Amino acid sequence: MFEKVRQNIKNIWETVKADFNAVFERDPAARSKLEVILCYPGFHAILLHRIAHFLWKEDFKLLARFLSHINRFLTGIEIHPGAKIGKGFFIDHGMGVVIGETTEIEDNVTIYHGVTLGGVSLEKKKRHPTIKKNVVIGAGAKVLGPFTVGENSRIGANSVVVKEVPPNSTVVGIPGKIVKKGKLSVMGVDLEHHLLPDPLVEAIKAILQEMSDMKKEIEELRIKISELEKERKGGKSAESRDH
């Protein structure tokens, strides 16, 4: 039993170190280790969650829930102790983040303030999303339901995602729509989630291009009709001269 506890503590420590390093990898504002330890609520939240999740797995459910409640009070971030979260998890700013009980998050995921990973069912089953590796979820986004967001994907700020997202995809809008799919894996975490296509602008561009093509075709038809008219008139003139 003691060996199991020791191994669990070791695993938690290794995971916390990865979370700590993720702050420096993804936030240029982080200047020192002490600053991160004292002033980063996202790091505080995941640290407390690691402990609460350990207690949850050891069947100290009430104590785990109480610790997550303290976590919420201190950081403004609500993570259910039952949520499974991988290494290198980074919450930037963090206020208003909500992560539900059956959420599963793999390694190197980044989320911003106001994000909800929520459920849409009252049944006691898997009802929250699964977030694969290297996903970035923009500020205010809502991911609702027991589906998977594929690895290397980006969710635009304030998007509402309610269905499966394939790997290497970019999702924007309400409800969320896939506006870009990549074929190659992204190395590391792509934090440039502000560089997102605007589906409305793209649609307007497509309409304008189609109108331009139609205008060109109409102009070509006019020229051909004009040429045919000239040929017809030329033919009539030749006939009148023959008579």
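The values are calculated or read from the model by the stated rules, or taken from the named source; none is laboratory data. Quick caveat, the model's predicted, so the values are computed rather than measured. For neighbour counting, all protein chains shown are included, and Cβ atoms are generated from backbone atoms with ideal geometry for every residue, glycine included. For the accessible areas, the whole protein counts, side chains as well, though only heavy atoms, and no ligand, DNA or RNA atoms are used. Shrake-Rupley method; radii C 1.70, N 1.55, O 1.52, S 1.80 Å.
Orientation-averaged projection of the range 23-70 equals 3.8 nm² [convex hull of Cα atoms, one quarter of hull surface area].
To the nearest 10 degrees, how steeply does helix 199-242 sit against the main Cα axis of the chain, on a 0 to 90 scale? The answer is roughly 10 degrees.
Peptides 44-51, 119-126 ranked from most to least packed by the mean count of surrounding Cβ atoms within 10 Å: 44-51, 119-126. Summary value for the range 1-124: 21 percent relative contact order, contacts being C-alpha pairs under 8 angstrom separated by 6+ residues. Here's the list of lysines a cross-link from K33 could span, going by alpha-carbon distance under 17 Å and ignoring same-chain residues fewer than 8 apart: K17. With the simple model of a label 7 Å out from the Cα in the direction of the Cβ, E14 to A30 spans 2.0 nm. Against the main long axis of the alpha-carbon atoms of the chain, helix 2-26 sits at an angle near 40°.
Heavy atoms only, probe 1.4 Å: what % of the accessible area of the chain goes to carbon and sulfur, would you let me know? Within the chain, the accessible surface is 60 percent carbon and sulfur. The alpha carbon centroids of the range 71-140 and the range 14-37 are separated by 19 Å.
If you plug the beta carbon distance of V98 and L208 into 1/(1 + (r/R0)^6) with R0 = 35 Å, you get a FRET efficiency near 0.30. When the alpha carbon coordinates of the range 1-123 are projected onto the principal axes, the ranges are 39, 39, 25 Å, largest first.
Using a Gaussian network model of the chain in which every pair of alpha carbons under 10 angstrom is joined by a spring, one finds that among L117, L62, L228 the greatest mean-square fluctuation is at L228. Using Stokes-Einstein with the Kirkwood hydrodynamic radius over Cα pairs, what translational diffusion coefficient do you get for the chain at 10 °C and a viscosity of 1.306 mPa s, in µm²/s rounded to a whole number? Value of D from the Cα-based Kirkwood radius: 76 µm²/s.
Annotation: the antiparallel percentage among DSSP beta bridges lying fully within the chain is about 15.
For the range 56-117, a/c is not less than 1.5, where a ≥ b ≥ c are the root eigenvalues of the C-alpha gyration tensor, and a/b does not top b/c. That puts it in the oblate class. Does the range 101-163 classify as rounded, prolate or oblate by the C-alpha gyration tensor (a ≥ b ≥ c root eigenvalues; a/c under 1.5 gives rounded; else a/b over b/c gives prolate, otherwise oblate)? Here the range 101-163 falls in the oblate category.
So what's the angle, to the nearest 10 degrees on a 0 to 90 scale, between helix 61-75 and the longest Cα principal axis of the chain? Between the helix axis and the principal axis of the chain, the angle is about 60 degrees.
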